[in-house]
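Input: a single structure, listed below in structure tokens.
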Amino acid sequence: MKALWARPKDEVSDEEYKEFYKHIAHAWDDPLEVIVMKAEGTFEYQALLFIPSHAPFDLFNRDAQIGVQLYVKRVFIMGDCDQLMPEYLRFIKGVVDAQDLSLNVSREILQQDRQINAIRRRLTKKVLSTIKDLQSERPEDYRTFWTQFGRVLKEGLLSDADNQDTLLQISSFASTHSEEDATTLAEYVERMKDGQEQIFYATGETRQQILKSPHLEAFKAKGYEVLILTDPVDEVWVGTVTEFDGKPLQSVAKGEVDLDSGDESSDAEREEREKEFADLLTWLKETLTDHVKEVRLSTRLTESPACLITDAFGISPALARIYQASGQNIPIGKRILELNPDHPLITGLRKAHQERADDPTVAETAELLYGTALLAEGGALEDPARFAELLANQLTRTL
């Protein structure tokens, strides 16, 4: 009997494909999509691949077996050929039957085999193009796919430079535009405000945490959409991907952000404010020298008194912790403390510094300011006992 993958697609029923998928994938449900390929010429092979409907329990186990079987001239060679699919497509199930490989091929030989590498590239592009077709033609099925496999697919943004553009196109992200519906980067770009040149994003553990972050205040107040990235891999790939469609990606918690760029009156007001607060900024930098590298006025804050940010090209604390957890010694460097010059706490601290700069309670207030900025972004206090002591002292003085 002729192998299922060797038969013309129009001679195979949907039911036969479904039963074959359930057999090789040990699945109970139907596949989301069937991919049939036949290549002739320099490299001849046939492939029958399946995109599952549900993620396997071991999807995020990097030691889990790749689900593609390798045959040579319909002779079974191995059941988990990890050379046929990149790791970020490890959820793909199916069969590849190559015509020109040796029957004695080993895993070691496959790693260096030119034909296998070429097949891998073609299979990868075919799978990604199929996902792209799902996105445009069957949006409900695409949403099902992304819910199940989006997190692992984004690993490809780090490891597959050749297909990075395609991966960006088929990826979806939560954003401040909608509480329920995810958005593609292309849809985000279509909605960008006049004069907006960057794609803004925020990373964090949960959507709720990000939405309450001080870093988002000015963006929400001025109506700028921000991507909400909560998967651990997001912290990593945003450091690799610099732009989409010519639009740079910009973290709301990194570098300087000027949402009033080109507004001469705003620029003049900012310069005047910087002169007014110059002494306070210098004093705070000296007082908090063990914690921060710079203190400056903020253009992000509208409600909170202060926030902490990272240099434009610096490593965020969350990313540093990810590296440290993997055994890499990446120190968390000092950050920048930004102040809201319109907040009563900051204007009051400026007045207190002018009138009694040597009063230790003023310095204690500065420490509390830094601690609250750290807590507001979900960070961990370096010395919780010290913070609690200062807070108790401050509360006692108010009674």
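Every read-out reported here was derived from the displayed coordinates using simple, explicitly stated rules and does not represent laboratory data. Owing to the predicted nature of the structure, the values given are computational and were not obtained by experimental measurement. Cβ: placed from backbone, ideal geometry, glycine included. Neighbour counts: every protein chain shown.
Label zone (R386, point 7 Å along Cα-to-C-beta; backbone nitrogen cut-off 14 Å) within the range 278-308: 287-292.
Applying 1/(1 + (r/R0)^6) with r as the Cβ-Cβ distance of Q196 and E11 and R0 = 45 angstrom yields a FRET efficiency of 0.25.
For the range 158-177, the residues whose backbone nitrogen is under 20 Å from a point 7 Å from the Cα of A221, taken along Cα to Cβ, are 176-177.
Net charge dipole, the range 263-399: roughly 480 debye, given to the nearest 20, about the Cα centre with Cβ charges of +1 for Lys and Arg and -1 for Asp and Glu. Distance between the pseudo-spin-label points of T240 and D258 (7 Å out from Cα toward the beta carbon): 3.3 nm. Highest mean packing first, where packing is the average number of other Cβ atoms within 10 Å per residue, the peptides 117-124, 228-235 line up as 228-235, 117-124.
Take every DSSP beta bridge whose two residues both sit in the range 172-252, then give the antiparallel share in percent to the nearest 5.
On the way: 6 of 12 bridges.
Taking every DSSP beta bridge with both residues in the range 172-252, the antiparallel ones total about 50 percent.
Of the options [x] 24.7; [y] 17.6; [z] 20.3, only one is mean projected area of the Cα convex hull in nm² as computed from these coordinates, and that is [x]. Dividing the mean sequence gap of close Cα pairs (under 8 Å, 6+ apart) by how many residues the chain holds gives a relative contact order of 10 percent. For the range 172-252, the Stokes-Einstein estimate of translational diffusion at 37 °C and a viscosity of 0.692 mPa s comes to 257 µm²/s, using the Kirkwood hydrodynamic radius over alpha-carbon pairs. Dipole check for the range 11-95: with +1 at the C-beta of Lys and Arg, -1 at the C-beta of Asp and Glu, and the Cα centre as origin, the magnitude is about 240 Debye. Here R296 and S178 are evaluated by their C-beta separation; at R0 = 45 Å the FRET efficiency comes out at 0.85. Rounded to the nearest 10 degrees, the angle from helix 384-398 to the longest Cα principal axis of the chain is 40 degrees. Protection proxy ranking, highest mean first, for peptides 286-294, 266-274, 201-209: 201-209, 286-294, 266-274, where packing is the per-residue count of other beta-carbon atoms within 10 Å, averaged.
For the chain, the residue among A98, Y370, V241 whose Cα projects farthest onto the positive side of the dipole built from Cβ charges is A98.
Taking a ≥ b ≥ c as the square roots of the Cα gyration tensor eigenvalues, with a/c under 1.5 meaning rounded and otherwise prolate when a/b beats b/c, else oblate, which class fits the range 263-399?
Because a/c hits 1.5 or more and a/b fails to exceed b/c, the range 263-399 counts as oblate.
Using the structure shown, list the pairs from K154/K285; K73/K126; K73/K93 with a Cα-Cα distance above 30 Å, or answer none. Don't jump to the answer; show the numbers that get you there.
Working: K154/K285 39 Å; K73/K126 22 Å; K73/K93 19 Å.
Flagged as over cut-off: K154/K285.
Volume per residue of the convex hull around the Cα atoms, evaluated for the range 4-167, comes out as 122 Å³.
Under the definition of Cα pairs under 8 Å and six or more residues apart, what whole-number percent is the relative contact order of the range 172-252?
Relative contact order here is 39 percent.
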